[in-house]
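Down below is the structure, laid out as structure tokens.
The values are calculated or read from the model by the stated rules, or taken from the named source; none is laboratory data. For clarity, every value in this text was computed on a predicted model and none was experimentally measured. Don't worry about glycine lacking a Cβ; one is built from the backbone with ideal geometry, like all the others, and counts go over all protein chains shown. Heavy atoms of the whole protein, side chains included, go into the accessibility calculation; ligands, DNA and RNA do not. Shrake-Rupley method; radii C 1.70, N 1.55, O 1.52, S 1.80 Å.
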Amino acid sequence: MKAAQLLALIWILIPALGCAQSEPAKPDYFNQSVADSNPLRTEQARELDEYIKTIAADRRRFKQLFQPDYSSAAAFEKSAEPLRAAFCESIGYPPPGKRPDQPATYKKIGEDSIGVYYRAMFPILPHVHSEGIFIVPRSSKGKTPLIISMHGGGGSPEVALFNGGSNYRDMVRGAVKRGFLVYAPQHLFKADGYPKDIRRQIDDRMRLIGTSITAVEIAKITMPLMNSSNAPMSMPAGSAWSASPTADTTRR
């Protein structure tokens, strides 16, 4: 081999030899399968379950936390106020953000023998509405009490109302038949184009800004009661099938 070729070969091999010599040998650490600790995690779950049951069974602690005063309605309300305040603080209620200065809207979607149905939208927070189905009974002529109809059905009032009302049967329409205004709000449990756990994800993000989805949903129930000045509260005389946009905020 010519000298020039030999030098070129050495020049190529030297970096590789240097790298091989610089890499330390891997230490022989102790290792174990993650599955070996599965029984420990199972035991941890059992222990925490038993702990919850034990603490919950100690009624003395609850009596110390809540000492209601039943001497009058005002006294009871005052005695419950610390717990109400603690609950509101724990969920971040009321949710932050200025309430939009916009009127509620009511879009008529249908009618039948017992009432008129509206798709109601109440602005409550920046970019947030309380949305649901608002029903005015045919029998409503003057001041009419309002019922907030809470339901499951994946958060959709349609599930608890239409096509037989599913397992809710007459929960929503039953109140209308008895002469009550009914508002059945929409809540978030699933949404097209979003992950299946969208409710949990939204709640996690809301916790980072100092509130929660529970707080917002409470606002979606209570704030419409304070924003009903243009609500269709009664059936006008001589018309059994269209609701009148009469303004009366006392009809709650």
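The figures follow:
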read-out: Area accessible to solvent at residue 198, 1.4 Å probe radius, in Å²; value: 10 Å²
read-out: Largest to smallest principal axis extent of the C-alpha atoms in the range 121-162, angstrom; value: 34, 25, 13
read-out: Binned Cα-Cα distances of the range 87-183, short to long, each 10 Å bin given as a whole percent; value: 15, 39, 31, 14, 1
read-out: Reachable aspartates and glutamates from residue 220, criterion Cα separation under 13 angstrom, eight or more residues apart if same chain; value: 131
read-out: Loop trypsin sites (Lys or Arg not before Pro), the range 69-167 (other Cβ atoms within 10 Å of the site Cβ: 14 or fewer; DSSP); value: 98, 141, 143
read-out: Whole-Å semi-axes of the range 28-74's equivalent ellipsoid (Cα gyration tensor); value: 47, 10, 8
read-out: Over the range 54-123: Rg over Rh, Cα atoms, Kirkwood Rh; value: 1.25
read-out: Isotropically averaged projected area of the range 157-224, using the convex hull of Cα atoms (one quarter of hull area), nm²; value: 6.0 nm²
read-out: Isotropic mean projected area of the C-alpha convex hull, the range 96-144 (nm²); value: 4.3 nm²
read-out: Amide H contacts under 5 Å for residue 149, placed H, 5+ residues apart; value: 183, 184
read-out: Set of lysines near residue 108 by C-alpha distance (under 19 Å), chain-local residues within fewer than 8 positions excluded; value: 141, 177
read-out: Probe 1.4 Å, all protein chains present, accessible-area order of 188, 125, largest first; value: 188, 125
